[in-house]
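Chemist: Okay, handing you the structure first.
The values are calculated or read from the model by the stated rules, or taken from the named source; none is laboratory data. Computed from a prediction, not measured in an experiment: that's the story for all the values here. Note that we place each Cβ from the backbone using ideal geometry, even for glycine, and neighbour counts take in every protein chain shown.
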Amino acid sequence: MKKKVWIAIGVTAVVLLMAGVSIYRQAFAKGPEVKTAHPVQEEIREQIMIPGTVKLVNEQKIYASPEKGEIKEFLVEEGDSVKTGEVLARFDEQALALELEKVKLQAESGYLKINQLEKQEDELGDKEKELRKQAGKKEAEKQIQPERDQLKLEKRLANLELSQVLLQKKDIEKRLEELEIKSTMDGVVLQVNKETSSDPSSAGKPVIYIGDLKATLASGLLSEFDSLKVGEGQKVTLRSDAIPDKEWKGEVSEVADMPEENQGINPAENNAPQYRVEISVKEMPLKPGFQLIMEIETDKKKALTVPANAVVTGDSSVYVFVVRDQKSYKQEVDTGVASGNKIEITGGLEEKDLIITNPSDQLKDGVEVDAE
C-alpha cells in the first residue's frame, strides 16, 4: 500500500514540475533576437553602373595603305619615345621615284622647247628688221605676221604642257613625302606589327600604335534609356578587379550624340543602340585595355531610406518587417532608388517606425522577437 502511495506522489511531482517549466518558459522565454533601426531621411544618390575600359586620351594608329605599297623600312621599335614630326617608317618608293625621274625629264624637255621657241622669236625679229629695209614696214609685217602667230601658238601650247608636267612633278613629290610615316604627337611606341603591312587579313590592325601613357580616360557604352540621364560634369567612381581595394574619382567629359556603329552583324542579335560615354580621370595608374566598373552619379536628393538588407522581395510584393509590441509584422513598402547599401522608401513607412534590419528566412508575421 505504502509503495503505491509513493509512486502516486512521484508521478504527481513530475507532472507539476513539467507544468511549472512550461509556465516559466511562457512567462520568461524571449523570441529570436533581431537588429532594428528607424528609417532615416538622408541624401541618396541615383547611380548607373556600367563596365568600362581604360583608353588613351592621345593616340595615333597607323594602318597599312595598299595604294602606297608595302612598308619598306621601320625606324622605331616598341617602347621607343617619339616626338611630333619624327619619321616612323617608310613605304617602298622605288616605283614613285622612277615616275618622278620621268616627269623631271619631261619638264626639262618642256623648258628646252620653250627656250627654242623664244630663240626663234628673236630670230624672227631680226628677220623682220631686214625685210623692213628691203620692202618697207608694212610689207615686212605682212610677211612676218603668220610666222609670229604660229610661234606664239606653239609657245602657248608648250607652256601649257610644261605646266601640266610641273603639276605632275609636284603631286609625285607630295606622294613621296607621304611615303614617310611621321608621328603626329609626342608619345611612346606601344605596338609595331611589321607583318600587318603586307597581310590583307590584318587590315583592321594598326601597323604602328603610338600613345601618351601619361593621359588616360575611361570609356563605356550607355543604353538609350541611360544616355538620357547622363551628362557632362556628373561624378563617377571607378574600380578595377586588378586593384580591388582602390577606387578613383572622375567625371563625365563627353556623351556621344550618335550611337556606336557596327554593334552586331547577325540580325538575330540584340542590336539596341548604345552611346559612347567618356570619363576624365586624374592619376589612374592603369594600362590601356584594363577593365573597369564605373558608377555614374545621375541624381542626388533627400529621401527616406532603410538598409537594403531590410527589404524583402516576395512573389507579389516588396515588404519590410516592423516591430510593434515586441512582435514582427510585415509592412508592404514602395521603393525607389537603390544607392550602395541603402534603398529609398517612397511609401509605406515613416521615420517613427521600427524596422528589422536583419530578417531571417524563418521570420514570420506576428512572431515575438527580442528587438535590440
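Chemist: Just checking, which of Glu350, Glu368 is of a type in the set (D, E, K, R), more than 44 Å from the chain's Cα centre (by Cα) and at pLDDT 90 or above?
Modeler: Residue meeting the stated conditions: Glu368.
Chemist: Could you check, for the stretch 322-339, whether at least one of its residues is under 14 Å from Val40 (Cβ atoms), in contact (Cβ under 8 Å) with a residue 40 or more places away in the chain, within 32 Å of the chain's Cα centre (by Cα) and not assigned by TED's automatic domain parsing to the domain that holds Thr237?
Modeler: yes
Chemist: Next question, about the same structure. Write out, first by first residue and then by second, each pair whose Cβ atoms fall under 7 Å of each other, whose residues are 6+ apart or on separate chains, and whose first residue, in the stretch 149-172, is assigned by TED's automatic domain parsing to the domain that holds Glu123 while the second is in a helix (DSSP H, G or I) and among the aromatic types (Phe, Trp, Tyr).
Modeler: Here the result reads Leu162/Tyr111, each pair linking the stretch 149-172 to a residue that is in a helix (DSSP H, G or I) and among the aromatic types (Phe, Trp, Tyr).
Chemist: Report whether or not Lys155 is closer than 30 Å to Glu73 by Cα, modelled with pLDDT of 75 or more and assigned to a helix (DSSP H, G or I).
Modeler: no
Chemist: A follow-up question, please. Please work out which residue is modelled with the lowest pLDDT, limiting yourself to the stretch 40-64 and to residues that are over 26 Å from the mean Cα position of the chain (by Cα) and surrounded by fewer than 16 Cβ atoms within 10 Å (Cβ to Cβ).
Modeler: Once the filter is applied, the top-ranked residue is Glu43.
Chemist: Let me ask another. Regarding Ile343, is this residue under 12 Å from Pro307 (Cα atoms) and over 43 Å from the mean Cα position of the chain (by Cα)?
Modeler: no
Chemist: Checking the conditions here, which among Lys300, Lys282 is within 20 Å of Ile343 (Cβ to Cβ) and of a type outside the set (S, T, N, Q)?
Modeler: Among Lys300, Lys282, only Lys300 is within 20 Å of Ile343 (Cβ to Cβ) and of a type outside the set (S, T, N, Q).
Chemist: Could you please find all residues in the stretch 138-162 being surrounded by 11 or more Cβ atoms within 10 Å (Cβ to Cβ) and more than 24 Å from Ala107 (Cα to Cα)?
Modeler: Those that are surrounded by 11 or more Cβ atoms within 10 Å (Cβ to Cβ) and more than 24 Å from Ala107 (Cα to Cα): Glu139, Ala140, Glu141, Lys142, Gln143, Ile144, Gln145, Glu147, Arg148.
Chemist: State all residues of the stretch 355-372 that are under 30 Å from Lys302 (Cα atoms) and exposed (fewer than 11 other Cβ atoms within 10 Å of the Cβ); if no residue qualifies, say none.
Modeler: Ser360
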